[in-house]
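Asker: Can you read through this structure? Questions will come right after.
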Amino acid sequence: MKYDADVIVAGAGPAGTSAARVLAQQGADVLILEKAGFPRYKVCGGGLTRKIVEEIPFDLTPVTEREIFSVRFSCQFKEQFTRTSPDALIFCTMRENLDRYFLDQAVMAGARVRHNEHVVELSWETEGVTIKTRTGMFYARTLIGADGASSVVALQSGLQQKLMPGMAWEAEMDAESGALEQFGQTVFLDWGTFPGGYGWIFPKRNHFSVGVGGPATLSGFLKTYNERFIASSGIRFTGTRSMKSWPIPVKMKKGDFHRGVIVVAGDAAGLTDPLTGEGISYAIRSGTMAGRHVFSYLKGNSAALQTYSEEINYTLMPEIMEAQRVKAIFNAVPHTIHRAVRDHDRVWRAFGKILKGERTYLDVRRGFGRWKLLWGAACRLSGLIARVKTKGFKK
């Protein structure tokens with residue numbers, strides 16, 4: 001078989017370009033196949049945690065539009081309050097700019113890219129993988145599937161398993177004069193309005209990103225929820241630049257993230273925070289891991305792709321699974337959690353550390369000390385209550 005590259009990466013989002021950059025820096029021949037032309041719009045709040053910003057080995061200042069110090073909370077559009085941190089909680093970007101910037105870093109490292117190459121079919125054997133796009137055929141020793149929430153690679157390789165489907169709507173919106181000056185360092189967050197749902201408003205350089213997300217089973221409510229959320233925000237919006245919906249898959253249990261000579265990363269692997277819908281940090285982390293393990297495989301370590309799955313299951317999946325438990329508790333008693341963040345500095349500080357990436361959801365359980373043995377039982381009961389509330393939810 002004549003190879004077009006050592007590694008083909010399907011998708012030029014943060015997961016794919018992180019993997020490509022790591023591989024190219026070590027001398028691998030990498031070809032990125034991206035289904036769209038750049039720049040392209042991506043539904044995403046575009047928030048980066050402080051921790052992931054510090055882990056990225058290049059400066060993100062050129063694509064950072066706002067630094068967030070405050071969160072304005074509401075529960076069912078009521079009981080609004082604002083909490084503020086002395087240092088930045090989140091760094092806001094626009095995904096089309098962030099993705100272009102990450103792709104530039106991969107190309108500068110030596111990766112090649114072909115745009116408008118939508119993967120439609122693949123097959124693989126021990127010696128390599130064949131990828132069919134809408135325009136041609138490509139051959140490589142390995143394939144990294146980083147082609148997003150609707151991943152063809154994950155579906156056709158049998159790795160699209162144990163996923164909880166979610167859905168998001170987002171609009172880029174202009175506002176009246178003075179709104180960005182007033183709220184340029186504040187994120188709006190509404191939660192508890194419907195089971196598993198949340199709304200966000202992120203300030204960007206010249207506009208706001210306004211979005212809502214929740215379980216796919218309640219996706220029919222999202223448009224109405226979005227309208228009510230906008231009305232409750234107090235911001236006078238003057239126009240909508242764009243609006244789009246997008247699936248959010250979440251991996252529910254540990255499992256395989258490789259099959260044969262194929263690995264998946266980022267949204268394609270379902271590596272998304274089930275509580276907030278945040279996936280950029282998981283995309284960057286899993287993409288970096290994928291690049292490292294695939295390079296080890298290329299150098300002759302036949303077990304390297306298996307160890308990639310093992311590392312994901314050991315490092316990322318425990319965080320995601322614990323976030324699902326925290327989400328169940330929140331869905332069972334949203335008003336209680338809302339008021340705890342409002343009234344108790346310790347709870348707010350813990351929430352802020354999770355936003356910044358300094359703590360994980362696993363630390364929530366540890367924070368219960370000797371009572372943490374009851375955590376599992378509380379989560380299971382909360383999960384049952386949340387499922388009943390979801391089933392009985394009236395739009």
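What follows is calculated from the coordinates using simple rules that are stated; it is not laboratory data. All values reported here derive from a predicted model rather than from experimental measurement. Note that we place each Cβ from the backbone using ideal geometry, even for glycine, and neighbour counts take in every protein chain shown.
Asker: May I ask for the percentage of alpha-carbon pairs in segment 198-307 that lie more than 17 Å from each other?
Answerer: Considering segment 198-307, 65 percent of its Cα-Cα pairs are separated by more than 17 Å.
Asker: Using only the alpha carbons of segment 171-223, determine the length spanned along each of the three principal axes and report them from longest to shortest in whole angstroms.
Answerer: 37, 17, 14
Asker: Among the aspartates and glutamates, select those whose C-alpha is under 14 Å from the C-alpha of residue 353, and discard any that sit fewer than 8 residues away in the same chain.
Answerer: Correct list for residue 353: 87, 345, 363.
Asker: Which of the aspartates and glutamates could a cross-linker span from residue 2 if the Cα-Cα distance has to be under 20 Å and same-chain partners fewer than 8 positions apart are dropped?
Answerer: Straight-line reach from residue 2, under 20 Å: 29, 117, 121, 125, 127.
Asker: What are the extents of the Cα atoms of segment 55-163 along their three principal axes, in Å, largest first?
Answerer: 57, 36, 24
Asker: So what's Rg/Rh here for segment 135-241, counting alpha carbon atoms and using the Kirkwood radius for Rh?
Answerer: Expressed as Rg/Rh, it is 1.13.
Asker: So what's the angle, to the nearest 10 degrees on a 0 to 90 scale, between helix 304-315 and the longest Cα principal axis of the chain?
Answerer: 10 degrees
Asker: Is it possible to state the helix-based mean residue ellipticity at 222 nm for the chain, with each DSSP H run of 4+ residues giving -39500 (n - 2.57), the sum divided by total residues, to the nearest 500 deg cm²/dmol? What is it? Please list the in-between numbers first.
Answerer: Details: 13 runs with 145 residues, N = 395.
Helix contribution divided over all residues of the chain: -11000 deg cm²/dmol.
Asker: Restricting to lysine pairs 8 or more places apart or on different chains, what number in segment 159-297 have Cα atoms under 14 Å apart?
Answerer: Numbers: 162/251; 162/253; 162/254; 223/244.
Eligible lysine pairs with Cα atoms under 14 Å apart amount to 4.
Asker: Let me ask you something else. For the chain, just the Cα atoms, rotate onto the principal axes and tell me the three extents in Å, largest first.
Answerer: 64, 52, 39
Asker: Given the C-alpha atoms of segment 283-334, compute the convex hull and give its volume per residue in Å³. All intermediate terms of the calculation are to be shown ahead of the outcome.
Answerer: Values: hull volume 3.0 nm³, N = 52.
Per-residue hull volume (Cα only) is 57 Å³.
Asker: About the Cα centre of the chain, how large is the charge dipole given +1 on each Lys and Arg Cβ and -1 on each Asp and Glu Cβ? Please answer in debye to the nearest 20.
Answerer: Details: 52 positive and 38 negative charges, 302 e Å.
Here the chain has a charge dipole of around 1440 debye.
Asker: Give me the Kirkwood hydrodynamic radius of segment 1-106 in Å, from all C-alpha pairs, to one decimal place?
Answerer: Computed over Cα pairs of segment 1-106, the Kirkwood hydrodynamic radius comes out at 16.0 Å.
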